[in-house]
Structure formats: C-alpha cells, structure tokens
C-alpha cells in the first residue's frame, strides 16, 4: 500500500468538509470507513462505528438541523506512512448557531481511497 501524501490527505479532508458544509449525508458518510470511531464533546459517549454516527445524524436532520457554513483553518497534516493525522480549527454555522472547535481526523488508505477512520472534536476557547 503506498504511503499517503499531504495532497492525498488535503484532498480527502476538503471533500469531507465540503460534504459536511452542504449537509450532503451520502457524500459525507462516504468519507468514513465503516469501522470509523467518533469522539464529539457534546455527546456523552464515543460512537464506535459509522452506523452509530449515521443514526445520530439522522436524529439531527429529523429535528430540522442543517449546516449553513463550515470553514476549515490552521490545517496541519502529519504523515505516518499509510496513515495520516489531519488537524484543523473549524468554524461551523448550523441552524443551531455558530461553533468554534478543534478537530483531529485520522485518515488511512483503503484500496484506492483515502478514508477517515477516527474523528475527534473539541471545543475551542474564544
């Protein structure tokens, strides 16, 4: 399996952020491996796979939630062979308001695709 490049990771991250910003459920979840895990500060427990996050996302959508804007800044890619750590600051505007968070996403190559296998979101102090 070839090592990831910075370009590979930034392309995958850009696709993920764009799909999230568009509230494009199918495109967004297609960015994650089925066994991806998620740690989100507002949630009481880790989500142990993509299906768990998809169920949570569906409840948000059912409540009328959607993303209006999403901006990724202060981006850093750390290459570790066929794995990479991507971290950035995220400003998001949803129907619930505006948030400022720090996010870390772990990417790996699976076949020809670069997929996220872990996402961790933390609040960012103003």
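Rule-based calculations on the coordinates, nothing more; no lab input. Everything numeric in this text was worked out from a predicted model, so none of it was measured. Note: ideal-geometry Cβ built from the backbone for every residue, glycine included; neighbour counts use all protein chains shown.
So that you can scan it fast, the table gives a plain yes or no per residue for (1) touching a strand residue (DSSP E or B) at 6+ places or on another chain (Cβ under 9 Å); (2) more than 18 Å from residue 110 (Cβ to Cβ); (3) in contact (Cβ under 8 Å) with a residue 60 or more places away in the chain; (4) surrounded by 14 or more Cβ atoms within 10 Å (Cβ to Cβ):
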| residue | (1), (2), (3), (4) |
| --- | --- |
| 18 | yes, yes, no, yes |
| 27 | no, no, no, yes |
| 31 | yes, no, yes, yes |
| 38 | yes, no, yes, yes |
| 57 | no, yes, no, yes |
| 61 | no, yes, no, no |
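Do any residues in the stretch 79-100 that are free of Cβ contacts under 8 Å to residues at least 12 places away in the same chain have Cβ atoms under 8 Å from those of residues that are part of a strand (DSSP E or B) and surrounded by 14 or more Cβ atoms within 10 Å (Cβ to Cβ), where the two are at least six apart or on different chains, and which pairs are they?
Going by the 8 Å Cβ cut-off, the qualifying pairs are 98/91; 98/92.
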